[in-house]
Amino acid sequence: MSLIKLHNIIALAENIKTTQFMTEKEIILPRGQMGTVVEEYNNGEAFEVEFCDDNGQTYALVSLESEKLIFLYPDTSNLSLVH
């Protein structure tokens, strides 16, 4: 069972090739890129992760196995963005 849960902040453990949300343009999400878990599959074996820009606009939505993720923050409600 994974420590990662819905709405947790994660980082990528490796580079991930995917497509940009809406445009379908191929992009590489670099190792260390932070995202938010928006769905859990098979009791934590995999997750849907949303990646957003500084304006909160989604640029990638990717399904990933838990082994490709690094758990960072358990609760995003206490985090504030500093600009």
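For the range 9-72, what percent of Cα pairs sit more than 16 Å apart? In whole percent, the long-distance tail amounts to 39. Taking each residue as 0.36 nm, the span from GLU45 to LEU72 lengthens on full extension beyond its C-alpha to C-alpha distance by 8.0 nm. Summing +1 for each Lys or Arg and -1 for each Asp or Glu among the other residues whose beta-carbon sits under 13 angstrom from that of MET34 gives -2. A Förster distance of 35 Å, applied to the separation of the beta-carbon atoms of LYS25 and LEU3, puts the FRET efficiency at 0.60.
Quick note: the coordinates plus some simple rules give every number you see, no bench work behind them. Not measured: the values here are computed from a predicted model. Every residue, glycine among them, receives a Cβ derived from its backbone with ideal geometry; neighbour counts consider all protein chains shown.
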